[in-house]
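Here is the structure we will look at, set down as C-alpha coordinates.
The values are calculated or read from the model by the stated rules, or taken from the named source; none is laboratory data. Note that the structure is a prediction, hence the values are computed from the model and not measured. All Cβ positions, even for glycine, are placed from backbone atoms using ideal geometry, and neighbour counts span all protein chains on display.
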Amino acid sequence: MSLSIDDVRRIAHLARIRVGEDEAVQYQSQLNGVFDLIARMQAVDTAGVAPMAHARDLFQRLRADAVTEPNRREAFQAVAPQVAGGFYLVPKVIE
(Lines give C-alpha, C1' and ligand atoms only; values in the text may rest on other atoms or scores of the structure.)
Protein backbone atom coordinates (compact mmCIF):
# COMPACT_ATOMS: atom_id res chain seq x y z
CA MET A 1 0.00 0.00 0.00
CA SER A 2 1.33 3.40 -0.90
CA LEU A 3 -0.09 6.76 0.16
CA SER A 4 -0.26 9.77 -2.12
CA ILE A 5 0.14 13.37 -1.01
CA ASP A 6 -3.65 13.74 -1.22
CA ASP A 7 -4.05 10.77 1.14
CA VAL A 8 -1.67 12.37 3.63
CA ARG A 9 -3.56 15.68 3.44
CA ARG A 10 -6.89 13.89 3.95
CA ILE A 11 -5.56 11.97 6.97
CA ALA A 12 -4.20 15.21 8.43
CA HIS A 13 -7.57 16.90 7.85
CA LEU A 14 -9.43 14.04 9.56
CA ALA A 15 -7.00 14.21 12.50
CA ARG A 16 -7.42 18.00 12.63
CA ILE A 17 -3.68 18.50 12.12
CA ARG A 18 -2.38 21.41 10.07
CA VAL A 19 0.28 20.07 7.69
CA GLY A 20 2.35 22.16 5.29
CA GLU A 21 3.54 20.97 1.89
CA ASP A 22 7.05 20.15 3.11
CA GLU A 23 5.68 18.23 6.07
CA ALA A 24 3.18 16.35 3.87
CA VAL A 25 6.00 15.06 1.67
CA GLN A 26 8.02 14.05 4.74
CA TYR A 27 5.02 12.30 6.34
CA GLN A 28 4.24 10.55 3.05
CA SER A 29 7.73 9.11 2.98
CA GLN A 30 7.58 8.03 6.64
CA LEU A 31 4.12 6.48 6.36
CA ASN A 32 5.03 4.63 3.19
CA GLY A 33 8.11 3.31 4.99
CA VAL A 34 5.89 1.99 7.78
CA PHE A 35 3.55 0.33 5.27
CA ASP A 36 6.53 -1.25 3.50
CA LEU A 37 7.78 -2.66 6.81
CA ILE A 38 4.31 -4.08 7.55
CA ALA A 39 4.19 -5.69 4.11
CA ARG A 40 7.62 -7.29 4.64
CA MET A 41 6.56 -8.59 8.06
CA GLN A 42 3.35 -10.07 6.63
CA ALA A 43 5.36 -11.83 3.91
CA VAL A 44 7.40 -13.81 6.48
CA ASP A 45 6.42 -17.48 6.72
CA THR A 46 5.37 -18.08 10.32
CA ALA A 47 3.93 -21.55 9.85
CA GLY A 48 5.01 -23.77 12.71
CA VAL A 49 6.00 -20.88 14.97
CA ALA A 50 4.23 -21.01 18.32
CA PRO A 51 2.70 -17.74 19.53
CA MET A 52 4.46 -16.07 22.45
CA ALA A 53 3.22 -13.75 25.16
CA HIS A 54 6.68 -12.21 25.51
CA ALA A 55 9.96 -12.37 23.63
CA ARG A 56 11.74 -13.82 26.68
CA ASP A 57 10.65 -16.49 29.12
CA LEU A 58 10.09 -14.30 32.13
CA PHE A 59 8.51 -15.31 35.39
CA GLN A 60 7.15 -12.92 37.95
CA ARG A 61 8.40 -13.59 41.43
CA LEU A 62 5.37 -13.88 43.62
CA ARG A 63 5.28 -13.95 47.36
CA ALA A 64 3.34 -16.61 49.19
CA ASP A 65 -0.34 -15.84 49.57
CA ALA A 66 -0.35 -15.94 53.36
CA VAL A 67 -1.98 -13.72 55.97
CA THR A 68 0.68 -11.62 57.69
CA GLU A 69 -1.56 -9.12 59.51
CA PRO A 70 -3.43 -9.87 62.72
CA ASN A 71 -7.23 -9.82 62.57
CA ARG A 72 -8.24 -6.43 64.03
CA ARG A 73 -11.84 -6.45 62.82
CA GLU A 74 -13.34 -6.21 66.30
CA ALA A 75 -11.12 -3.24 67.18
CA PHE A 76 -12.04 -1.40 63.99
CA GLN A 77 -15.75 -2.08 64.38
CA ALA A 78 -15.68 -0.99 68.03
CA VAL A 79 -14.95 2.59 66.95
CA ALA A 80 -17.35 2.59 63.96
CA PRO A 81 -20.51 4.73 64.29
CA GLN A 82 -22.89 1.88 63.34
CA VAL A 83 -22.29 -1.84 63.00
CA ALA A 84 -24.76 -4.70 62.58
CA GLY A 85 -24.00 -8.39 62.07
CA GLY A 86 -20.30 -7.70 61.52
CA PHE A 87 -20.99 -5.15 58.76
CA TYR A 88 -20.53 -1.38 58.73
CA LEU A 89 -23.80 0.50 58.33
CA VAL A 90 -23.70 3.55 56.09
CA PRO A 91 -26.40 6.03 55.07
CA LYS A 92 -28.27 5.31 51.85
CA VAL A 93 -26.99 7.63 49.13
CA ILE A 94 -28.80 6.29 46.04
CA GLU A 95 -32.58 6.52 45.74
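Against the condition modelled with pLDDT of 95 or more and loosely packed, with under 10 Cβ neighbours inside 10 Å, how does L58 come out, does it pass?
Numbers: modelled with pLDDT of 95 or more: no; loosely packed, with under 10 Cβ neighbours inside 10 Å: yes.
Against the criterion (modelled with pLDDT of 95 or more and loosely packed, with under 10 Cβ neighbours inside 10 Å), L58 does not qualify.
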Condition check: assigned to a helix (DSSP H, G or I) and not aromatic (F, W, Y). Does G48 satisfy that?
no
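Can you tell me which of F35, F76 is in contact with a Ser or Thr (Cβ under 9 Å, 6 or more places away or on another chain), among the hydrophobic types (A, V, I, L, M, F, W, C) and without any contact (Cβ under 8 Å) to a residue 40 or more places away in the chain?
Details: F76 fails: in contact with a Ser or Thr (Cβ under 9 Å, 6 or more places away or on another chain).
Result of the check over F35, F76: F35.
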Would it be correct to say that R40 is of a type outside the set (D, E), assigned to a helix (DSSP H, G or I) and exposed (fewer than 10 other Cβ atoms within 10 Å of the Cβ)?
yes
(1) assigned to a loop (DSSP other than H, G, I, E, B); (2) surrounded by 11 or more Cβ atoms within 10 Å (Cβ to Cβ); (3) in contact with a helix residue (DSSP H, G or I) (Cβ under 9 Å, 6 or more places away or on another chain) all hold for A80 apart from (3)
Quick one: is I94 surrounded by 10 or more Cβ atoms within 10 Å (Cβ to Cβ) and not in a helix (DSSP H, G or I)?
no
Looking only at segment 13-43, how many residues end up being among the acidic types (D, E) and either closer than 12 Å to S2 by Cα or under 28 Å from the mean Cα position of the chain (by Cα) (or both)?
1
